[in-house]
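Only one structure is covered here, and it is reproduced in the block below.
Bear in mind these aren't lab numbers, they're just calculated from the coordinates by the rules spelled out. Computed from a predicted structure; not experimentally measured. Counting neighbours? That spans all protein chains shown, and the Cβs are built from the backbone with ideal geometry, glycine included.
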Amino acid sequence: MLSLELMKLAPFPTPRALMDQWQSGKLEREEMHRLMGEHQKALLNEAEVYYQNPIAGYIEGLLNKRAARRLINDHGEAAVRELFLAMSWMPDFGPSAYLWNADHWDVELHAFLRTKTGPVFRVRELMVKTSRAVMLIEHGSPKKSLTTRERVTFTRDWRGQMEVVKRELV
């Protein structure tokens, strides 16, 4: 099993949040570029780890594709992407560093899942209705005893977009 504890994207904001802060004047252009560069370096470090151990990367990819296929078959890709995007706006949620571009359809859905390699992000259960959804997720350490399990509840806001209304540890 690969250890990617060195890859912590959560300490700095996602690229979408950085752009929002820059556009609102809370962040200088140079600082935004520096933080975007840090985000890119972390992603490249992860790619390097998979390059060093291609078999583990291949197996992780197969597991992630299988999990994504199950979600798509059961709930539809658009619904899953919408929920992932809503979770990316949670401020103290580590996997938001990977989910920030879930609305980009050119990125495969399995790229947002992390089945075995840390930091993991797994969807255990999902219930989607028209105006609400509930998702049981696991994230954090690849060790089962250290993994955080949460139930996230979503509802549609006045604009018709899903938003997180409740998080609870399970």
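For the range 99-161, run through the GluC sites (Glu not before Pro) and keep only the ones in DSSP coil with at most 16 other Cβ atoms within 10 Å of their Cβ. Mind showing how you got there, number by number?
On the way: sites: Glu108, Glu125, Glu138, Glu150; in loops: Glu108.
In loop regions of the range 99-161 (DSSP not H, G, I, E or B), the sparsely surrounded GluC sites (Glu not before Pro) are Glu108.
Could you work out the helix-only [θ] at 222 nm for the chain, with each DSSP H run of four or more residues adding -39,500 (n - 2.57) and the total divided by the number of residues, to the nearest 500 deg cm²/dmol?
Values: 5 runs with 71 residues, N = 170.
The helix contribution divided over the chain gives -13500 deg cm²/dmol.
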- [ ] Provide the per-residue ³J(HN,Hα) series for the range 131-140, in order, calculated from phi with Karplus coefficients 6.51, -1.76, 1.60 and θ = phi - 60°, each as a whole number of Hz, with x at glycine and proline positions.
- [x] 10, 8, 7, 9, 10, 9, 10, 10, 8, x
TODO: Could you line up Trp105, Trp158, Trp100 from fewest to most neighbouring Cβ atoms inside 10 Å?
DONE: Trp158, Trp105, Trp100
- [ ] Lys and Arg at +1, Asp and Glu at -1: add these up for the other residues within a Cβ distance under 14 Å of Ile137 and post the number.
- [x] +3
TODO: Label the range 5-100 by shape, choosing from rounded, prolate and oblate, from the square roots a ≥ b ≥ c of the eigenvalues of the Cα gyration tensor; if a/c is under 1.5 it is rounded, and otherwise prolate applies when a/b is larger than b/c, oblate when it is not.
DONE: oblate
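What is the fewest-to-most order of Ile137, Ile55, Ile72 by other Cβ atoms lying within 10 Å of their Cβ? All intermediate terms of the calculation are to be shown ahead of the outcome.
Working: Ile137 23, Ile55 8, Ile72 16.
Least crowded to most crowded, the residues run Ile55, Ile72, Ile137.
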Task: Given [x] 1, 8, 15, 18, 16, 12, 9, 7, 5, 4, 2, 1, 0, 0; [y] 1, 9, 18, 23, 22, 16, 8, 2, 1, 0; [z] 1, 8, 16, 21, 21, 16, 11, 5, 1, 0, the label whose value is P(r) over Cα pairs in 5 Å bins from 0, in percent derived from this model - done: [z]
